[in-house]
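To start, the structure under review is shown below, and the notes come after it.
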């Protein structure tokens, strides 16, 4: 899984220099790469034949013109966004032709969906899954996930943790938007106010015509940076993430198979960097102000959640004393972990603002270093959110029946790029008797497994091997073991590796000591067990029994 807040942050950077005014048609209608490099190695012979047979066909792509900055048409009337960059990569890997649906600038999102249903549009580059859309769309595998937030009046003091708290309120929803299904599923008969687009939904909440609306953090951040809608704020976070897909009109199923191969084999960092391109006429100062501004918003949200958590800990004098000690330690840890990357960010920013960096290539180098540090901070923010929920006892599991073998296999496949970064070979072995159905929260359990895998990768040598083994256990349970052949853990550290903020002798400098703690807490919530064995210089084995 991609680091959620990291993904949000990268896409948010694209907001610089946008102009919401639109011409009637895009100037450059083609969505294409600057080169074609057909990837014979990733496609089957049947897929290559299909590509050859369709290489002269144009596939028309519908784009939401006003969902800034996730997907939009820029000031030069060209489509922008993660999905667009993905299709450019598909053009590079296949030679297939993609072109902007010529009426994208004139149609609302609801009308774009209708055009897709009527076969005027072949593809949607950025679309969420709903049951209704599945009747006329075939979806790719998801290529990004985003945090969804509830927006309400600025003077609202209560944090929305459950839809039952706001079941009698009104919601502004743009016609055709995915979160209408979420609201109606949670609140049958909810009071919905139909609006044309996201900006109008925010305006309704700001003016008091509606109580709430829902969107992803980058969208709210964009309008905040534009100086609009000062009377609204984030009042809650949805439990699930919004998964983003490529959607193809029915009859284009073969094309989705091709696009899935592209998603599985593309360089996400390259896509992120291209999606965040800032127009050349913007100064380095403006770039850095946006970067630091977004980071500040994220940090303020973290602090807000932490304050809510700490207030609930104070119930008696004894509990208050314990809470104060925990609060002091937690805040000290957070301060320490954030200080180093923030110091680096400020240092690079100051150098650019003061004009100490003259060459254009050096400026881009400094911007990239700021970007890398923000990735690190964003990952820490994600962990702080999870720890806050765990400490508050507010982590709710949304269990569903899951075929455990296929689930683990998918996680390993999704981690391919992480393995490739260190030339590590993942080996998955599965006893068929272990491939049984378990009731788990897919998103949270996936995070636990990913944390353990990332730990194994971090402490493995270049070109090493990691084994993932599934076997049956007593009492109809499944045992999952993840083995690396890396540095190993000193014997004295093993009893403490699952403690919050614990860093052993071999810990990396960039480790904040939360990954294994979060993994163990999530597995405990599933009534499971996590433990480890290790030998120095021979590697470690982490066992999960559920």
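Here, each number is a calculation from the coordinates, and none is a lab measurement. It should be emphasised that the depicted structure is a prediction, and the values quoted were computed from it without experimental measurement. Reconstructed Cβ throughout: ideal geometry from the backbone, glycine too, with neighbour counts over all protein chains shown.
If you take the Cα Rg of the stretch 399-543 and divide it by 2.2 N^0.38 Å, with N the number of residues, what do you get?
Taking the Cα Rg and dividing by 2.2 N^0.38 Å, one obtains 1.01.
Which residues does the label zone of residue 164 cover in the stretch 178-207, counting backbone N under 20 Å from a point 7 Å along Cα→Cβ?
Residues 182-191 fall inside that zone.
Calculate, in nm to one decimal, what residue 207 and residue 462 gain on full extension: separation in residues at 0.36 nm each, minus their alpha carbon distance.
86.1 nm
For a label point 7 angstrom out from the Cα of residue 120 toward its Cβ, which stretches of the stretch 52-82 have the backbone nitrogen within less than 16 Å?
Label zone hits: 60-65.
Using a Förster radius of 60 Å, what is the FRET efficiency between residue 491 and residue 52 based on their Cβ-Cβ separation? Nearest 0.05, please.
0.50
Could you compute the FRET efficiency for residue 535 and residue 400, with r as their C-beta to C-beta distance and R0 at 41 Å, rounded to 0.05?
Given R0 = 41 Å and the Cβ-Cβ separation, E is 0.60.
Note down the nm distance, to one decimal, between modelled labels 7 Å out along Cα→Cβ at residue 436 and at residue 474.
The modelled label-to-label distance comes out at 1.4 nm.
Could you line up 213, 157 from fewest to most neighbouring Cβ atoms inside 10 Å?
In order of increasing Cβ crowding within 10 Å: 157, 213.
So, R0 is 41 Å and r is the distance between the beta-carbons of residue 364 and residue 226; what FRET efficiency does that work out to, to 0.05?
Once rounded, the FRET efficiency stands at 0.95.
How big is the gap, in Å, between the Cα center of the stretch 398-451 and the Cα center of the stretch 162-233?
Value for the Cα centre distance between the two parts: 35 Å.
Ratio to report: Rg/Rh of the stretch 148-240, with Cα atoms as the point set and Rh obtained by the Kirkwood method; give two decimals.
0.92
For a quick check: sort 520, 358, 239 by the number of other beta carbons within 10 angstrom, fewest at the front.
Arranged by neighbour count, lowest to highest, 520, 358, 239 become 358, 239, 520.
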